[in-house]
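The structure appears below as structure tokens.
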Amino acid sequence: MTKFVCDDCGHKFKGMDCEYCATAFTAPVKCPECGSWHTRPSSGLFFSSNKYIYKEIWKTLDEKMNNTEKQ
Ligand SMILES: [Zn+2]
């Protein structure tokens, strides 16, 4: 388990630590508070510099979600 922080509402929670698409990054977990996928680990090696990287991951996730909804 890893601590996550939601970028949308600031909620902190614990979630599963899964690799994101075979990268060194932890896959975002859905925020239990507001339902957003814009979450990232609140600790760890990449925390100070990972916001830029997670922005790209969130963008990809948003596109995936939009595609799923259209089908
Ligand atoms: Zn949230």
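Condition test on Trp37, is it outside any helix (DSSP H, G or I) and among the hydrophobic types (A, V, I, L, M, F, W, C)? Can you show your working first?
Working: outside any helix (DSSP H, G or I): yes; among the hydrophobic types (A, V, I, L, M, F, W, C): yes.
Criteria met by Trp37.
Look at region 48-64: where a residue is over 15 Å from Val29 (Cβ atoms) and a partner is of a type in the set (Lys, Arg), sitting 6+ places away or on another chain with Cβ atoms under 9 Å, you get Lys51/Arg40; Ile53/Arg40.
Inside region 1-35, residues that are surrounded by fewer than 16 Cβ atoms within 10 Å (Cβ to Cβ), near the ligand (Cβ under 8 Å from one of its atoms) and in contact (Cβ under 8 Å) with a residue 24 or more places away in the chain make up a count of 4.
Where a number appears in this text, it was derived from the coordinates with a stated rule and is not lab data. Just so it is clear, the model here is predicted, and its values are computed rather than measured. Reconstructed Cβ throughout: ideal geometry from the backbone, glycine too, with neighbour counts over all protein chains shown.
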